[in-house]
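Some notes on the structure that comes next.
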């Protein structure tokens, strides 16, 4: 497969065919991290059922690595319990992609932050009375 | 494998076959040191001096005014540091612009640490420096003004003659980084009133690793490199004979086709731009609409990021760059686009096409087929759109790029 820059095949494949793209309309939790000024912004929306991530979608403004890491993190946590999802680290995301160039490691950090933010948002909503 | 399309000629150009042929003898049998007095040395010396004449003729200069360097960056360093250190008793103030190449900007920043004062002039929305701003910035402590001939990222051509005239009237040396302009635009250093001019061979189909600096006779300048008499003591180093021969040959050949190529590339560039605008919305042209390098087209796409676009194009065999290849490893948007007042988030969505000798109308049409679906796909991936634009607080008034840390 053709690759770009110092990205692995897997990064390029996720860039070309990202998984779980979109935004869940009646999401239970939303995580938004990054800043368009810095060139990376990620939004993850989740649907939680029985303490598990039943559905997950993402939207990303950013480079190929930003797109691939968000895509990969949604794959890694889909179907997992919230506790399990919180165990997923940026290293897991990078490893699942076959590694990232050093200057793109921050993308995997953002991806980890995005899923954490979405879970945190879900928990806050639960604590705040469960309304959406 | 389908044909790869190279549209990144401002980064570098392929070596011309005729230039390679001219260089090869000096990489094989003609290995002499140009400083030696035996036959080997004399042949190498003749080759270097022929190249010097070719460069001088191309610029309207005297051969004695051409110094060969290791690259364009070195020529910029030599010009700015050389003039600064040689004229310290006269003054300690340097004027440049905010859109210069890093070779100039970071040299100036270094000189600030050495006690010099530097004024970084603003530019207008097209990237133009105002000669009036130059005049107003000059003080009796000013020793050098350095403004690039044409910008590498957006292609805007500066009012060089007007700026040079201001400098001449005030008795201040004028240097121009013409790395992107030489071989693309007609340049006569005498007519324009330029005191120092930098150029680089690999931008006009010559080899990498060789550049030149024009230093007008009478300009006081210190060397960067010490340790030999070469280049009249201004650049102590054994001459890169093959590289110098290649530079001279490449420039000579380029001049014969420059005018026709300028017309052809301007037409191709316009075909590309008009095609993009017709197919994609929320696209902005960066740089001056007409006062621009023939083959350079910088455009910004709202709601998406530039590397994503470049990646999509490269996977389809089309090579372009985002802003400047030198800065593509950083998170900050292009300093050139920011200086022009482009919204920093929009600046992140910028790509630069720089067309050259090998490009054809078919290439442009291929790009026009390939690019729109990539932009469409990336926009579908993005949380930003016409309905949900970039947040206002990220706008041009807030220069918060320093906060972009990894």
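The values are calculated or read from the model by the stated rules, or taken from the named source; none is laboratory data. Bear in mind that the values here come from a model prediction, so they are computed numbers and not experimental data. Heads up, the Cβs are rebuilt from the backbone with ideal geometry, glycines too, and the neighbour counts pull from every protein chain shown.
Against the list (1) within 12 Å of another protein chain (Cβ to nearest Cβ); (2) under 12 Å from the mean Cα position of the chain (by Cα), the condition residue A:4 fails is (2). The listed residues are B:234, B:272, B:247, and the only one of them that is buried (at least 18 other Cβ atoms within 10 Å of the Cβ) and in the same structural domain as residue B:370 (by TED's automatic domain parsing) turns out to be B:272.
Checking each residue in segment B:347-360 for being buried (at least 22 other Cβ atoms within 10 Å of the Cβ), in contact with a strand residue (DSSP E or B) (Cβ under 7 Å, 6 or more places away or on another chain) and away from chain A (no Cβ under 14 Å) picks out B:352, B:353, B:354. Where strands (runs of 3 or more DSSP E) fall entirely within segment B:53-151, those with at least 3 residues that are more than 30 Å from residue B:299 (Cβ to Cβ) and under 20 Å from the mean Cα position of the chain (by Cα) are at B:66-69. In the set (1) modelled with pLDDT of 90 or more; (2) within 14 Å of chain A (Cβ to nearest Cβ); (3) within 15 Å of residue B:301 (Cα to Cα), residue B:368 fails one condition alone, (2). Only one of the numbered conditions (1) under 23 Å from the mean Cα position of the chain (by Cα); (2) farther than 23 Å from residue B:129 by Cα; (3) away from chain A (no Cβ under 14 Å) is not met by residue B:299, and that is (2).
Taken together, B:84, B:164, B:135 contain a single residue that is surrounded by 22 or more Cβ atoms within 10 Å (Cβ to Cβ), in contact with a helix residue (DSSP H, G or I) (Cβ under 8 Å, 6 or more places away or on another chain) and more than 30 Å from residue B:265 (Cβ to Cβ), which is B:84. Evaluation of residue A:88 against the conditions (1) in contact with a strand residue (DSSP E or B) (Cβ under 8 Å, 6 or more places away or on another chain); (2) closer than 18 Å to residue A:48 by Cβ; (3) surrounded by 16 or more Cβ atoms within 10 Å (Cβ to Cβ) shows that the sole unmet condition is (1). Checked against the criterion of being more than 9 Å from chain A (Cβ to nearest Cβ), at pLDDT below 90 and not in a loop (DSSP other than H, G, I, E, B), segment B:309-325 contains one or more residues that satisfy it. Restricting attention to segment A:17-27, the residues that are within 11 Å of chain B (Cβ to nearest Cβ) and either surrounded by fewer than 17 Cβ atoms within 10 Å (Cβ to Cβ) or in a strand (DSSP E or B) (or both) total 4. Could you list, in sequence order, the residues of segment A:45-66 that are under 11 Å from residue A:122 (Cβ atoms) and within 15 Å of the chain's Cα centre (by Cα)? Result: A:45, A:46, A:47, A:53.
Scanning segment B:381-404 for residues that are facing another protein chain (nearest Cβ under 7 Å) and either modelled with pLDDT of 95 or more or part of a loop (DSSP other than H, G, I, E, B) (or both) yields a total of 7. One residue alone among A:84, A:13 is at pLDDT 95 or above, in a helix (DSSP H, G or I) and away from every other protein chain (no Cβ under 14 Å), and that residue is A:84. Taken as a whole, the structure leaves residue B:333 outside the set of residues that are part of a loop (DSSP other than H, G, I, E, B) and either surrounded by fewer than 23 Cβ atoms within 10 Å (Cβ to Cβ) or more than 14 Å from every other protein chain (Cβ to nearest Cβ) (or both).
Considering A:77, A:73, A:93, which residue is more than 16 Å from residue A:31 (Cα to Cα), surrounded by 24 or more Cβ atoms within 10 Å (Cβ to Cβ), in contact (Cβ under 8 Å) with a residue 12 or more places away in the chain and more than 14 Å from chain B (Cβ to nearest Cβ)? Going through A:77, A:73, A:93 in turn, just one is more than 16 Å from residue A:31 (Cα to Cα), surrounded by 24 or more Cβ atoms within 10 Å (Cβ to Cβ), in contact (Cβ under 8 Å) with a residue 12 or more places away in the chain and more than 14 Å from chain B (Cβ to nearest Cβ): A:93. For segment A:47-61, a residue qualifies if it is on the phi > 0 side of the Ramachandran plot and in contact (Cβ under 8 Å) with a residue 24 or more places away in the chain, and exactly one does: A:51.
Scanning segment B:361-378 for residues that are surrounded by fewer than 15 Cβ atoms within 10 Å (Cβ to Cβ) and either farther than 20 Å from residue B:13 by Cβ or free of Cβ contacts under 8 Å to residues at least 12 places away in the same chain (or both) yields B:362, B:365, B:369, B:373, B:376. If you go through segment B:25-52 and pick out every residue that is touching a residue at least 24 places away in the same chain (Cβ under 8 Å) and either touching a strand residue (DSSP E or B) at 6+ places or on another chain (Cβ under 6 Å) or in a helix (DSSP H, G or I) (or both), you end up with 8.
Scoring residue A:119 on the criteria (1) within 14 Å of another protein chain (Cβ to nearest Cβ); (2) in contact with a helix residue (DSSP H, G or I) (Cβ under 8 Å, 6 or more places away or on another chain) leaves a single failure, condition (1).
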